[in-house]
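The values are calculated or read from the model by the stated rules, or taken from the named source; none is laboratory data. Predicted, not measured: the structure shown is a model, and the values here were computed from it. Heads up, the Cβs are rebuilt from the backbone with ideal geometry, glycines too, and the neighbour counts pull from every protein chain shown.
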Amino acid sequence: MGLRLKKQWNPVLSYGDLAKLNPATVSAWDVFNAVCHMRQSKLPDPRITGNVGSFFKNPLITSQQSTLLLSQWPTMPHYPQVNGEVKLAAGWLIDQCDLKGFRVGGAAVHRQQALVLINEDNATPQDIIGLAHHVRHRVGEKFNVWLEPEVRFIGAQGERNAVEVIS
């Protein structure tokens, strides 16, 4: 078994600002720089505002649940998967719960990207856990979609189950 790579450069430019690039002349560096620019424009700089990037995974739901949600929220971003499940945008779900800027202690939901939880003012671990718990439950109550952390929770006794910690 091996890895096969095509020798012909064939960039996928369907995401965000990449669609503005010219497929006939784009280089790998162009794609790299565009992706870096997109991320920097949407995400806080961790050297300035403490964060771990995307805090929650984009959830996978059944096609039946997707159909029900789309009947209520027809503009909901959704991405059908090969196995029949549908991936949702966790940031969109959080945003629909009006949580941008919501705080628990020193922890907050980022005002530009709802998927990012930030250390706005000397947040404690309990502030982050409390905020993640609140976000998870608000989304779960509104959409019946239960977000799972993408981040790993490491404590004094080692790694903990992140879903259990914030449930």
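Say we look at segment 42-65 and pick out the residues that are at pLDDT 95 or above and among the hydrophobic types (A, V, I, L, M, F, W, C); which of these is farthest from residue 78 (Cα to Cα)?
Across segment 42-65, the extreme among qualifying residues is 56.
Taking the conditions exactly as written (exposed (fewer than 15 other Cβ atoms within 10 Å of the Cβ) and outside the structural domain of residue 150 (by TED's automatic domain parsing)), does residue 84 satisfy them or not?
Working: exposed (fewer than 15 other Cβ atoms within 10 Å of the Cβ): yes; outside the structural domain of residue 150 (by TED's automatic domain parsing): yes.
The answer is yes for residue 84.
Checking residue 56 against (1) within 18 Å of residue 138 (Cα to Cα); (2) surrounded by fewer than 18 Cβ atoms within 10 Å (Cβ to Cβ); (3) under 15 Å from the mean Cα position of the chain (by Cα); (4) of a type in the set (Phe, Trp, Tyr), only one condition comes out false. Which one?
(2)
Output the residue which, of all residues in segment 142-160 that are surrounded by 11 or more Cβ atoms within 10 Å (Cβ to Cβ) and without any contact (Cβ under 8 Å) to a residue 60 or more places away in the chain, is farthest from the chain's Cα centre (by Cα). If you could, list the steps in order and put the result at the bottom.
The initial filter retains those residues of segment 142-160 that are surrounded by 11 or more Cβ atoms within 10 Å (Cβ to Cβ), namely 142-151, 153, 160.
From what is left, the residues that are without any contact (Cβ under 8 Å) to a residue 60 or more places away in the chain are 142, 153, 160.
On the way: 142: 18, 153: 17, 160: 21 Å.
In this case the residue turns out to be 160.
Determine if segment 121-138 includes at least one residue that is part of a strand (DSSP E or B) and crowded, with 16+ Cβ neighbours inside 10 Å.
Initially, segment 121-138 is screened for residues part of a strand (DSSP E or B), giving none.
There is no residue in segment 121-138 that is part of a strand (DSSP E or B) and crowded, with 16+ Cβ neighbours inside 10 Å.
Here is a list: 13, 43. Which entry is surrounded by 14 or more Cβ atoms within 10 Å (Cβ to Cβ) and within 24 Å of residue 114 (Cβ to Cβ)?
Working: 13 fails: within 24 Å of residue 114 (Cβ to Cβ).
Sole residue among the options that is surrounded by 14 or more Cβ atoms within 10 Å (Cβ to Cβ) and within 24 Å of residue 114 (Cβ to Cβ): 43.
Taking the criterion of being surrounded by 14 or more Cβ atoms within 10 Å (Cβ to Cβ) and under 28 Å from residue 67 (Cα atoms), would at least one residue in segment 101-114 satisfy it?
Taking segment 101-114 as the starting set, the residues that turn out to be surrounded by 14 or more Cβ atoms within 10 Å (Cβ to Cβ) are 102-110, 113-114.
Next, only the ones that are under 28 Å from residue 67 (Cα atoms) stay: 113-114.
Looking through segment 101-114, at least one residue is surrounded by 14 or more Cβ atoms within 10 Å (Cβ to Cβ) and under 28 Å from residue 67 (Cα atoms).
Given the criterion of a type outside the set (A, V, I, L, M, F, W, C), more than 16 Å from residue 139 (Cα to Cα) and touching a Gly at 6+ places or on another chain (Cβ under 9 Å), identify the matching residue among 67, 25, 62, 75. Can you show your working first?
Working: 67 fails: touching a Gly at 6+ places or on another chain (Cβ under 9 Å); 25 fails: touching a Gly at 6+ places or on another chain (Cβ under 9 Å); 75 fails: touching a Gly at 6+ places or on another chain (Cβ under 9 Å).
Within the list 67, 25, 62, 75, the selection yields 62.
Quick check on segment 37-75: of everything there that is touching a His at 6+ places or on another chain (Cβ under 9 Å) and among the hydrophobic types (A, V, I, L, M, F, W, C), which residue is nearest to residue 154 (Cα to Cα)?
Once the filter is applied, the top-ranked residue is 43.
Which residue pairs have Cβ atoms under 7 Å apart, sit 6 or more places apart or on different chains, and have a first residue in segment 83-95 that is among the hydrophobic types (A, V, I, L, M, F, W, C) and a second that is surrounded by fewer than 16 Cβ atoms within 10 Å (Cβ to Cβ) and assigned to a helix (DSSP H, G or I)?
If the second residue must be surrounded by fewer than 16 Cβ atoms within 10 Å (Cβ to Cβ) and assigned to a helix (DSSP H, G or I), the pairs left are 86/63.
Could you list, in sequence order, the residues of segment 49-96 that are among the polar types (S, T, N, Q) and part of a strand (DSSP E or B)?
Hits for segment 49-96 are 51, 54.
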